[in-house]
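Undergrad: The structure under discussion is supplied below as structure tokens; questions concerning it will follow.
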Amino acid sequence: MTTATEASTAWREHTAPDDDARYAGYAEQFAELQRRKSERFGNGRALHRKPVHAARGVFEVAAGLPAFARHGLFAAPGRHEVLLRLSNGGMDVAHDRQPDIRGFAFKVFGVTGDSALGNGPARSQDFLLINHPAFAFPDSREFVAFVVAASHGPARLIGHLAGRYGLFGAPRQLARLVKSMGRPFSGFATEALHSAAPMACGPYAVRVRLVPEPGNAAGPANGPAQRPGRHGWGADFNARLLHGPLAWQLQLQPFVNEATTPIEDASVDWPTPYSTVGRLLLPRQDADAAEGRALARQAEAAVFDPWQALAEHRPLGDVQRARKAVYFESQKGRGAA
């Protein structure tokens, strides 16, 4: 019998016969959205369009991990090169003062094993994290419908919400989303970041969290994370990296049972405890130096995709399966695939 906190291998994905066709339809919708936004802002991603910062670093896999974690990237202690891209989550290039989801994506190089895409050896293990512990929607159906409606402006969005949630339910849903998007954000160096959706870890299923170490909050004497309108999140992050190295603890949270840690419902914040499995370290560097500008160009051209992963860390659940189709179409749309 699985206890409340005991990692279990009894997880299952629940697929439907029309999933592939549905995901292909989402990819077409996002491709059209991406084309419209690229006409306005220039070539770029469908979501997480605005880059905030890019950096290089290392990821160190810890020793003595719990049994559920010792798979794939975490099977043995090691040290890996990392490429990091920070972004605002929206489809527009908006000011940092605008409420938004914040994205923290990084590629871990030097991995060994088959790719989750089934196309040969994995080239990297990518982690795509946000400043929310769970998604605003339980599945891809609701998320895609919301994003597509929002891409056409407030009138279309209000009509979508009224049609889906009813005349009285629409204002409540909108208020909930606005509150979620507008949650306080202290900066990329000082906020916990989350995968929100699960991935495999060998025979287990886990979610990922990145927790800043206390030294990140020190920053420079004039590092005003609270004033993004004047300084921007990228300027704040760069000031902290000029001041000294930044570090985070990478942690895994295991599936224990379907009731409390569902695979298919991405809106549920799992209650199980986290275990630290490694450390992300960014050395001192300057985004405004020639090397930093070159790194920013590299990050913008690169693919950050949860399916750029080891087979032992295959993404799980409806949201992740939808991402497989949508991300690939977006990569093709900006010439990155």
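Undergrad: Starting with the highest mean, order 296-304, 235-243 by the number of other Cβ atoms within 10 Å, averaged over the residues of each peptide. Before the final figure, lay out the partial values.
TA: Numbers: 296-304: 16.6, 235-243: 21.6.
Result, highest mean first: 235-243, 296-304.
Undergrad: Could you derive backbone 3J(HN,Hα) for the range 190-200 from the dihedral phi with the Karplus parameters 6.51, -1.76 and 1.60 (θ = phi - 60°), listing whole Hz in sequence and x where the residue is Gly or Pro?
TA: With coefficients 6.51, -1.76 and 1.60, one gets 10, 9, 6, 10, 9, 6, 6, 10, x, 9, 6 Hz.
Undergrad: At a probe radius of 1.4 Å, what is the per-residue accessible area of Asp288, in Å² to the nearest 10?
TA: Around 110 Å² of this residue is reachable by solvent.
Undergrad: So, by mean Cβ neighbours within 10 angstrom, what's the order for 70-83, 192-205 with the highest one leading?
TA: Packing proxy ranking, top to bottom: 192-205, 70-83.
Undergrad: So what is the calculated 222 nm ellipticity per residue for the chain, using -39500 (n - 2.57) for each DSSP H run with n of 4 or more, over all residues, to the nearest 500 deg cm²/dmol? Don't skip to the answer; put the middle values down first.
TA: On the way: 6 runs with 107 residues, N = 337.
Theoretical 222 nm ellipticity from helices: -10500 deg cm²/dmol.
Undergrad: Would you mind counting up the charge near Lys37? Only other residues with Cβ under 12 Å from its Cβ, with Lys and Arg at +1 and Asp and Glu at -1. Could the numbers behind the result be given before it?
TA: Working: positive: Arg35, Arg36, Arg40, Arg45, Arg49, Lys50, Arg334; negative: Glu32, Glu39, Asp92.
Overall, the nearby charge balance is +4.
Undergrad: Separate question: Rounded to two decimals, what ratio of Rg to Rh does the chain give with C-alpha atoms and a Kirkwood Rh?
TA: 0.95
Undergrad: Per 0.36 nm of contour for each residue apart, how much would the distance between Glu39 and Leu174 grow if the chain were fully extended, relative to their Cα-Cα spacing?
TA: That pair, Glu39 and Leu174, stretches by 45.8 nm at full extension.
Undergrad: State whether the range 259-337 is rounded, prolate or oblate according to the following rule on the C-alpha gyration tensor (a ≥ b ≥ c being the square roots of its eigenvalues): a/c under 1.5 gives rounded; otherwise a/b larger than b/c gives prolate, and the remaining case gives oblate.
TA: Since a/c reaches 1.5 but b/c is at least a/b, the shape of the range 259-337 is classed as oblate.
Undergrad: Can you compute log10 of I(q)/I(0) for the range 139-196 with the Debye formula, treating each Cα as one identical point scatterer, at q = 0.15, 0.16, 0.19, 0.20 Å⁻¹?
TA: At q = 0.15, 0.16, 0.19, 0.20 Å⁻¹ the computed log10 ratios are -0.55, -0.61, -0.78, -0.83.
Undergrad: Also: Would you list the membrane-span-like helices of the chain, meaning whole DSSP H runs whose alpha-carbon atoms span at least 20 Å along their axis and whose mean Kyte-Doolittle value is at least -0.5?
TA: Helices meeting the criterion: 154-181.
The values are calculated or read from the model by the stated rules, or taken from the named source; none is laboratory data. Nothing here was measured: the structure is a model prediction, and the numbers come from that model. Glycine gets a Cβ as well: all are built from the backbone with ideal geometry, and neighbour counts include every protein chain shown. Quick note on the areas: whole protein, heavy atoms, side chains included, nothing else; ligands and nucleic acids left out. Shrake-Rupley method; radii C 1.70, N 1.55, O 1.52, S 1.80 Å.
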